[in-house]
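Asker: My structure is below; once you've seen it, I'll send some questions.
We did not get these values from a lab; they are worked out from the coordinates using the rules stated. Small disclaimer: the values here were computed from a predicted structure and weren't measured. All Cβ positions, even for glycine, are placed from backbone atoms using ideal geometry, and neighbour counts span all protein chains on display.
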Amino acid sequence: GEVDFPNYVCPFLSQPKSEPFDTQMVSRSPVPTAFPTDIDGWLSPEEGKALARWAKGKRVIEFGSYCGLSTVCLARTAEHVTAVDYFDGRATPRPGDTRPAFDAAISRHGLADKVTTHHPDLPIDGEFDLAFIDGAHDTESVQDDIRKAIEVLAPGGLLAFHDYHDCD
């Protein structure tokens, strides 16, 4: 049956991206290794596991973070994740300010010390072992993200993409 918590919606009775726990009772996800269904996004649990496996112990740069679903999957095992995004949902079917949802997700999952954000129009410093590209999906944007990623990818680093296909 339904649970009577003011900020809890049972995920089996409502939308699939609802809060799976009562945030007034706990401030962090009670199962920190479970797939973060409380975060909006288009990543499958299998994809999340692959990202966590690839990111283990690595310095990661992520192009396109939306509300933080892939960021959480990466940051759980990574040394550090730099999330590069405008945080305005421009490349999604749901444009709008995504920064509050992103910040809340990172905090709720206890990863604030492992994640920093970066504006896409600013130069990127550092060297990264894994670059994950999942920003805007048009060819020009993907090519731009590839150029940026290659500039900061360490020798032998991994370049990964999510749901890109040739749209032109």
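Asker: Based on the alpha-carbon set only, what is the convex hull volume of the range 87-128 divided per residue, in Å³?
Answerer: In the range 87-128, the Cα convex hull volume per residue is 102 Å³.
Asker: To continue, here is another question. If you take the beta carbon distance between residue 53 and residue 147 as r and set R0 to 25 Å, what does 1/(1 + (r/R0)^6) give as a FRET efficiency, to the nearest 0.05?
Answerer: It comes out at approximately 0.45.
Asker: Can you classify the range 30-110 as rounded, prolate or oblate using the Cα gyration tensor, where a ≥ b ≥ c are the square roots of its eigenvalues, rounded means a/c under 1.5, and otherwise it's prolate if a/b beats b/c and oblate if not?
Answerer: In terms of gyration-tensor shape, prolate.
Asker: If you don't mind, there's one more thing I want to ask. Hey, if you put +1 on the Cβ of every Lys and Arg and -1 on every Asp and Glu Cβ in the range 29-127, which of 92, 48, 69 ends up farthest toward the positive end of that dipole?
Answerer: Positive-most Cα among the choices belongs to 48.
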